[in-house]
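The structure appears right after this line, and notes come after that.
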Amino acid sequence: MDVRIVDYGENADGGFISYNISGLSQNQLEFLNNNLDDETQITNDNLILKTKFKKEFFPFQSRESKIKVEDFISREEIEMAIFLSSFLEDMD
């Protein structure tokens, strides 16, 4: 599984992160698409996942995140990959 952040941003309500998840089987894609609470869609054998955050929980709001943005993006990608891997364990 490969998880990449393709977009993120803030608005008055909080923030969002959009992920592109690739390297999954069709069954895994459909399981995630049908069972995750966040906004999802399957496009070209990839899952597009958009997670929304309340302002106080948005990971890219700190001053440090703006200075070390690559580090924060990498950390969020790793955390999402771990979450999705554990979520997929429920597939069996």
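The values are calculated or read from the model by the stated rules, or taken from the named source; none is laboratory data. Not measured: the values here are computed from a predicted model. As a convention, Cβ positions derive from the backbone with ideal geometry for all residues, glycine included, and neighbour counts pool all protein chains shown. In case anyone asks, the SASA skips ligands and DNA or RNA and just uses the protein heavy atoms, side chains included. Shrake-Rupley method; radii C 1.70, N 1.55, O 1.52, S 1.80 Å.
Here are a few things to note about the model shown:
- Cα long-axis angle, helix 26-35 against the chain (0 to 90 degrees, to the nearest 10): 60 degrees
- With the charge dipole of the stretch 1-88 set up from +1 on Lys and Arg Cβ and -1 on Asp and Glu Cβ about the Cα centre, the Cα lying farthest toward the positive end among the listed residues MET1, PHE83, ILE17 is that of ILE17.
- The fraction of accessible area contributed by carbon and sulfur in the chain is 45 percent, rounded to a whole number (1.4 Å probe; ligands and nucleic acids excluded).
- Residue-normalised accessible area of the stretch 46-88, expressed per residue, 1.4 Å probe, Å²: 65 Å²
- Principal-axis analysis of the Cα atoms of the chain puts helix 69-88 at an angle of about 30° to the longest axis.
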